[in-house]
1. For n ≥ 4 DSSP H runs only, could you compute -39500 (n - 2.57) per run for chain B, divide by its residues and tell me the 222 nm figure to the nearest 500?
2. Rounded, prolate or oblate, given the Cα gyration tensor of the protein assembly as shown, with a/c below 1.5 counting as rounded?
3. Could you grab the relative contact order for chain B? Cα pairs under 8 Å, six or more apart, rounded to a whole percent.
4. Once you have the alpha carbon radius of gyration of the stretch A:121-239, what is it after dividing by 2.2 N^0.38 Å, with N set to its residue count?
5. Pairing the Cα long axis of helix B:191-200 with the longest principal axis of chain B, what angle in degrees results, from 0 to 90 and rounded to the nearest 10?
6. I'd like the residues of the stretch A:35-54 whose 1.4 Å-probe accessible area shrinks by no less than 40 Å² going from the isolated chain to the full set of protein chains.
7. Report the accessible surface area buried between chains A and B, summing both sides, using a 1.4 Å probe on protein heavy atoms only, in Å² rounded to the nearest 100.
8. Pop out a list of residues from the stretch B:155-171 that are at least 40 Å² less accessible with all the protein chains around than in their chain alone; 1.4 Å probe, no ligands or nucleic acids counted.
Amino acid sequence: MKVAYWPGCVSRGFAPELHGAMARVAPLFDIELVELDRAACCGAGVIAEHNQELADTLNARTFALAQQEIAKGADLMMNICSTCQGAQSECQERLDANTPYRDHVNETLSAEGLTYEKGITNKHFLWLLVEEIGLDEVRRRVKRPLKDLRVGPFYGCYIVRPTDRLGIDRSHPRDTYLHQLIDALGGTVVDYAGQYKCCGFPIITMNKEASLKQAGRHVGDAIDAEADCLVTPCPLCHLNLDLQQPAAAAAVGRPLNMPVLHLPQLLGLAMGLEPKELGMNKHVVKPSSVIDWSTSVVAGAPA
Amino acid sequence: MPEYTLRIRRYSPESGEAAHWDDFEIDLDGHRSVLDGILQAKDRQDGSIGIRCSCRAAICGSCGVRINGKPNLACHMHLDKACEDAPDGVIVVEPMGNMPVLKDLIVDMDAVHWKKMRRVTPWLLPDGDPPEREYIVAPESMIDITQTMACIQCGACVSDCLSMEVDPLFIGPAALAKAYRFVGDPRDGQHEERLRDLAEDPHGIYDCTHCFNCIEACPKGVAPMSQIMRLRRIASADHGIEDRNNGYRHEHAFVKNIEKNGLLHEADLLPDSYGGKFHPRAVPELVTSLPVILRALQRGKVTPAGALLHKHKASKEVKRIFRDVHDREERYELNLYVVGEEEDDNPPSMHADAAGSQLPAERSPNQ
């Protein structure tokens, strides 16, 4: 499968291990990544807050670039960031719903010879795994089942709400895909109070205390539910849950020390890749519980 | 007649007993509402069940509860649908969140919701003397605020607001949507004062964390979060309100960052959100962030060169888009609540090059 690949900003900025892990994991599933290296930031909701048309035009441009790759043989557009998924879905909803508006945005793009045609398929890697590759296929390729690893799914906001915009319904229960994937990889799903809540990242510069309290509370809830680690499809959540975790621990007044994995990292582990290849040494909270678990499994495996 | 099981959370603070769950078997058609189910249980099995309700038609906003963990009006959810959503077929009904429980399913709306509503001065403050007769407004100038006028004060959005969960002082989605109802009203004469008040409040418009829970919760399509974003947009772009919470600075730092780099350069965004590396406000913030920065460097997340030099630069095409859109005389905002979605098999006949003049302009009462 060939995809027009949008990595987003954070996966190449403060969470470079995500982009790296995705590049490692993709060949294991025969996914060819054609990177959209000319595209710009999705706006993460902030540009839309500043000027809706600006966000819609920037994302229409990204879609148009992806459609050029799709015309050349890519199957669809894929991203690895929930915030990109949510922000781009919001823009796409407006662009697809109204022809005069889409024409107006396309007029701005026309100077560059680009046009966005209504109806692009843009899926987060999580959705692609479940809907395009299929969990049976994922299950078949597992080399090192995540046996005895207790994984807490952290969905965050942008990839699960609003449900109608994100295409979540009975035939596409996308708000359960992390659960299903953890299970397919042989891990144990740990449900806890914060799994669909906000990590707090968007207000870190505006109300740091409230922001860190959110991150700290959810990580604490996962500890109380005896999770070994969390997994998230969103690198911005990762910033607040991992990079800021020591500060979040101070904000909620309890020690935390909970490893947080990016989705392709968890997948890579189950596919037999080593934690370091997946960039897990770059995390602020050392994923000791996960690494100890993987070495013990490796050590215990028959030679 | 199909049977359903309702599991209702019971709690009477004055009894001194802990909260507990009671199951009730009800027999009603699937198209009847959860409220009908609660009322049947109250009528036939336990008259002491506490529920507040009136119209039974999703108009009065009295019967806000959580059904299977999600806020809604009890009268606005069919039993068969609620049963399908219930993990083990038992419909779980509990009181709304973020507000104290008075009894069973009844929460104290006065303590939270109505208090916050009063916080935003929810009445018209016109300039000058009132006209001799009624105020005359162009109908199209009011279309924009019909979305916030659709609010029925049920509190579903307040129930699940994730910012309020950690910051109970947050003004919250319902009250801020109400604030937009007046900021968007051409008859009101205090737009800037209202916006300045809400922007400067540490628990005001910049305390919203963008979680979409209120949009998901609202049974009337008010989309409170979208109204909060409009308040921010108008406060920042039309009134240039530089608030003490860094809301204005963060927005402008982010937009400039993308205009310059194409992709977000986080190492600049953080100091710029506080006014720039050498701004008096930024210095203490950067000092307290030092441990985080050092950890990131130590783990190789960021390299010093990567943090100082950003090799990715915005292409001239991206810069042109910023310029073109910023140069427009009016901001365009497409509100799907107002214009609706096109039918797939009924494409509009409007010609492409006439599009510009047909676009709904964002109503900007101050321009």
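The values are calculated or read from the model by the stated rules, or taken from the named source; none is laboratory data. All values derive from a computational prediction rather than experimental measurement. With ideal geometry, Cβ positions are generated from the backbone for all residues, glycine too; neighbour counts draw on all protein chains shown. To get the accessible areas, we keep the full protein, side chains included, count just its heavy atoms, and leave off ligands, DNA and RNA. Shrake-Rupley method; radii C 1.70, N 1.55, O 1.52, S 1.80 Å.
1. Working: 18 runs with 141 residues, N = 367.
-10000 deg cm²/dmol, from helical runs alone.
2. Values: a/c = 1.43, a/b = 1.08, b/c = 1.33.
Rounded is the answer for the protein assembly as shown, as its axis ratio a/c remains below 1.5.
3. Contact order relative to length: 12 percent.
4. On the way: Rg = 15.0 Å, N = 119, 2.2 N^0.38 = 13.5 Å.
Compared with the compact-globule rule of thumb, the stretch A:121-239 sits at 1.11.
5. Taking the Cα atoms of chain B, the angle to B:191-200 is about 90 degrees.
6. A:CYS41, A:VAL46, A:ILE47, A:GLU49, A:HIS50, A:ASN51, A:GLN52, A:GLU53, A:LEU54
7. Values: alone 12990 and 20540 Å², together 26900 Å².
Buried surface at the A/B interface: approximately 6600 Å².
8. Residues shielded by partner chains are B:LEU162, B:GLU165, B:VAL166.
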